[in-house]
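**Q** After the structure tokens below, expect a handful of questions from me.
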Amino acid sequence: LFAVSLLLLVPCVAAAAFNMRFEMEPSVQDPAQEQRLKETDKEKQKALELRAREMNPSDALKEKIAREPAFAAELERRREVELEMRAVRQAALVRLARVNMDQAIQIATSQQSGKVLSANLDAKGWEEPGKLAKDGVVFYHVEIADDAIEGASTHVFVNAVDGTIMKTEKQLPRKQRSPQQ
């Protein structure tokens with residue numbers, strides 16, 4: 001009987017030496033302990049909010065994209081739709097314009113001499129992407145540097161259908177503030 005007891009006792013002692021430990025969340029039954037857990041959760045939430053406030057918007061957006069795959073997929077879908085709408089709009093602009101950009105630049109520089117900084121084809125009065133409203137206008141926006149005043153420019157808006165000058169605006173350079181102000 002003693003030998004059998006010893007045979008059963010040795011494996012039990014060996015098993016106790018190699019016991020497995022399971023981490024389980026403590027069950028909260030004590031109200032004080034429950035209150036402490038709530039306070040630590042609130043502190044963690046405040047720390048996360050403080051960190052989010054300290055981040056610049058692009059870092060916060062990158063973190064949200066990394067954390068939430070559904071948000072990243074929705075953002076990508078919106079970008080694709082925006083690119084598609086931009087392509088539709090550009091195709092409509094090209095189709096509606098009767099004057100090419102070179103002619104628009106010549107018309108603008110005949111009005112105001114100087115170097116052309118930029119020229120863009122645009123429209124005002126869209127009904128929907130790709131469809132211009134009846135009162136909509138397709139135009140070229142030509143920006144010309146002013147030779148007389150450094151930093152000044154003239155914006156000339158040329159109608160892309162008939163080549164007439166719609167509007168001319170002068171843009172003067174901003175005054176630079178002195179370091180004392």
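**Q** Starting from the Cα of LYS124, draw a straight line to each of the aspartates and glutamates and keep only those under 15 Å, dropping any in the same chain fewer than 8 residues away.
**A** ASP135
**Q** If I ignore ligands, DNA and RNA and count only protein heavy atoms, how much of THR109 is accessible to a 1.4 Å probe, in Å² to the nearest 10?
**A** 50 Å²
**Q** What longest range of the chain stays clear of loop-exposed chymotrypsin sites (Phe, Trp or Tyr not before Pro) (DSSP non-H/G/I/E/B, at most 14 other C-beta within 10 angstrom)?
**A** Answer from the scan: 23-181.
**Q** Next question, about the same structure. Between the DSSP loop rule and a limit of at most 15 other Cβ atoms within 10 Å, which GluC sites (Glu not before Pro) in the stretch 122-181 are left?
**A** Values: sites: GLU127, GLU143, GLU150, GLU169; in loops: GLU150.
Answer by residue number: GLU150.
**Q** So, one more: Calculated from the structure, percent of Cα pairs over 24 Å apart equals which of (i) 71; (ii) 47; (iii) 42?
**A** Read-out from the structure maps to (i).
**Q** A further question follows. For the pairs LYS62/LYS115; LYS42/LYS64; LYS62/LYS170; LYS38/LYS62, flag any whose C-alpha to C-alpha distance is greater than 31 Å.
**A** Correct reply: LYS62/LYS115; LYS62/LYS170.
**Q** A further question follows. Set the Förster radius R0 to 45 Å, insert the Cβ-Cβ distance between SER58 and CYS12 as r into 1/(1 + (r/R0)^6), and round the FRET efficiency to 0.05.
**A** 0.15
**Q** Taking 0.36 nm per intervening residue step and subtracting the Cα-Cα distance, what contour gain separates SER110 from GLU150 on full extension?
**A** So the extension gain works out to 12.4 nm.
**Q** FRET efficiency for GLU34 and ILE65, Cβ-Cβ distance as r, R0 = 45 Å, nearest 0.05? It would help to have the intermediate numbers written out before the result.
**A** On the way: r = 35 Å, r/R0 = 0.79.
After rounding, the FRET efficiency stands at 0.80.
**Q** Take ASP162 and LEU48, extend 7 Å from each Cα along the Cα→Cβ direction, and tell me the distance between the two endpoints in nm.
**A** About 6.2 nm, to one decimal.
**Q** What is the spin-label model distance, in nm, from TRP126 to GLU80 if the labels are put 7 Å beyond Cα along the C-beta direction?
**A** Result: 2.0 nm between the two label points.
The values are calculated or read from the model by the stated rules, or taken from the named source; none is laboratory data. Being a predicted model, the structure only gives us computed values, none of them experimental. As a convention, Cβ positions derive from the backbone with ideal geometry for all residues, glycine included, and neighbour counts pool all protein chains shown. Note: areas computed on protein heavy atoms with side chains; ligands, DNA, RNA excluded. Shrake-Rupley method; radii C 1.70, N 1.55, O 1.52, S 1.80 Å.
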